[in-house]
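The values are calculated or read from the model by the stated rules, or taken from the named source; none is laboratory data. If you're wondering where the values come from, they're calculated on a predicted model, not measured in any experiment. Neighbour counts are summed over all protein chains in view; Cβ atoms, including those assigned to glycine, are modelled from backbone coordinates with ideal geometry. Heads up: the accessible areas ignore ligands, DNA and RNA and are worked out on the full protein's heavy atoms, side chains in. Shrake-Rupley method; radii C 1.70, N 1.55, O 1.52, S 1.80 Å.
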Amino acid sequence: MKRIFSFLFSLVLLLCACLVPGQAAFNAALETSADIVLLLNLDSDTVVFDKNADKVTAPASLTKITTAILTIEHCGDLDAKVTVKQSALDAIAGTNSSTAGLLAGEVLTVRELLYCLLVRSANEAAVILADYIGNGSVPAFVDMMNEFAASLGCENTHFVNPHGLDEAGHCSTARDLAKITRHALELPLFSEIVNTVSYTLPATNKSEARNLLSTNWLINPNFKTYYCEYAAGVKTGSTSGAGRCVISTASKDGYNYLAVVMGAPYEDVNGDGNPDNCAFLECKKIFEWAFDNLRMAKVADTTRIVTVVDVALSRKADHVRLVPATDVTALVPVGNNENSVLIEPIPEETPQSVDAPVKKGDVIGKARIMYAESEIATVDLVAAEDVDVSLLLYIGHGVAQLFRSTIFLIVFALVLLVLAIYGILVLRHKQQKKRRRAPKALKNFRNMK
């Protein structure tokens, strides 16, 4: 009966699985010209879209996110004065890279340098801050960057410089950069700076006040082609090795996302004769797609039977049904619900049988919730009903277990050993008595003669 019931239930589950969409993740619903894309739902920590997220590549100025984190976390006074060294300017001379136009001998605060770093993506600011936080050693600061990345579990990231210009061995991945960015967004000052469209750098000892315009056109309403009203921050990047890059967050109707776009082309998309930054276009498109097509929905409830397991030591039931321990919500395309997902037991965490007694609500296993061949959540499986134990079967089982237990076998072996030793001693004792009687009997025989 057990086998028949289990077979029929498994057949039902198999038929249900055939009704679940078979495409890989949500990727099939979206096309992108960027080589690398990662979209995370921050509310559920769900990877929504993944295209080459683990591909090792040049990170360009996305590197500056790490530079900013270490500066904020290791600087005791963000209003401390820093003097621009000529060596910092020489370090990027001839690179034709983004700068804030800082001058040797100019004095700025650490806070002001952070605005130069993150708003204008100034490479000289990266070197100045690295030198300052590294106690006069940029290489020492780069070592700190690598130690920090490793502490976050970034296994495919290695920094060689603090600004992100292409250099041998300077690399990361979208997935690693997402980890770094999420850490950065926990710092209020970082979040404030990266969402600044325009910053006025106060006058210094060597310059009048300067206006720094953000390189992130996703957050600037003046760039209508790229502007995304729901976007906030974070950082842009562009080198010949990295292509066009951007990391941004976006929030709408209670949904929050983080997007990493790398390796996007710079080409004329709309046919107006002017090349477009496709990193911005793709990021905006991905955000809009997510807001239009994805919703949190209940994908499992506590009444849904996931599987059954056999029950021993009970005369009234030979199986127990397993259901989710709690209701589960997950991010799925609009129109999908618990009928659109497959809940499958995790074999290594769900036994094939259990012993009675079983109480309703006892955690017995675990299941993964699958949508389109991707795991979107996991849930504990609990017993849906009580299963009472048979006292007679329980006692018999206990006796059988006792006879099979290691302790019993050891005790039994010791008893056999003691009996064997005792038998040997008794035998030896009899033999000794026999030998003692033999001379006496011989003597009596001689006396009779």
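Some notes on this structure:
- Rg and Dmax of the chain, based on Cα coordinates, read 36.3, 145 Å.
- Over all directions, the projected convex hull of the C-alpha atoms in the stretch 63-142 averages 4.6 nm² in area.
- Heavy-atom surface of the stretch 200-355, accessible at 1.4 Å and reported per residue (Å²): 45 Å²
- Coil-residue trypsin sites (Lys or Arg not before Pro) of the stretch 213-262, DSSP, other Cβ within 10 Å capped at 14: LYS224
- Over the stretch 219-357: Kirkwood hydrodynamic radius from C-alpha pairwise inverse distances, Å: 19.2 Å
- Semi-axis lengths, largest first, of the ellipsoid equivalent to the stretch 231-295 are 23, 14, 8 Å, with √(5λ) applied to each eigenvalue of the Cα gyration tensor.
- Estimated FRET transfer efficiency when R0 is 56 angstrom, pair LEU425-GLU385 (beta carbons, to 0.05): 0.40
- ILE219 accessible area, 1.4 Å probe, all protein chains in place, Å² to nearest 10: 10 Å²
- Shown in residue order for the stretch 76-87 are the 3J(HN,Hα) couplings computed by the Karplus curve 6.51 cos²θ - 1.76 cosθ + 1.60 at θ = phi - 60°: x, 9, 6, 9, 5, 7, 10, 9, 5, 8, 4, 4 Hz (x for Gly and Pro).
- Annotation: amide H of LEU42 within the under-5 Å range of ASN256, TYR257, LEU258, sequence separation 5 or more or interchain, hydrogens built in the peptide plane.
- Solvent exposure ordering (accessible area, 1.4 Å, most first) of SER33, SER151: SER151, SER33
- Bridgeable lysines around LYS316 (alpha carbons under 29 Å apart, same-chain partners fewer than 8 residues away excluded): LYS2, LYS359, LYS360, LYS366.
- Phi to ³J(HN,Hα) by Karplus 6.51 cos²θ - 1.76 cosθ + 1.60 over the stretch 47-62, Hz, x for Gly, Pro: 7, 8, 9, 9, 10, 6, 5, 9, 6, 7, 8, 5, x, 6, 6, 4
- Radius of gyration and maximum dimension Dmax of the stretch 96-162, Cα, Å: 12.8, 39
- With all protein chains in place and a 1.4 Å probe, the accessible surface of the chain carries 55 percent carbon and sulfur.
- The alpha carbons of the stretch 142-269 occupy a box of 46, 38, 35 Å along the principal axes, longest dimension given first.
- Rg/Rh for the stretch 82-203 stands at 0.95; both radii use Cα atoms, and Rh follows the Kirkwood definition.
- Surrounding net charge for VAL138, when Lys and Arg each add one and Asp and Glu each subtract one, Cβ distance under 13 Å: -4
- The distance from the alpha carbon centre of the stretch 262-276 to that of the stretch 235-258 is 17 Å, rounded to a whole number.
- Applied to the stretch 100-109, the Karplus parametrisation 6.51 cos²θ - 1.76 cosθ + 1.60 on θ = phi - 60° returns per-residue 3J(HN,Hα) values of 9, x, 6, 10, 4, x, 6, 10, 9, 7 Hz, with x for Gly and Pro.
- Proximity of backbone amide H atoms, modeled 1.01 Å from N, is registered between ARG321 and ALA384, GLU385 at under 5 Å, excluding neighbours fewer than 5 places apart on the same chain.
- Annotated for the stretch 151-260: lysine pairs at least 8 residues apart or interchain, Cα distance under 25 Å, count 5.
- Looking at the stretch 162-234, the pairs of alpha carbons with a distance over 20 Å make up 51% of the total.
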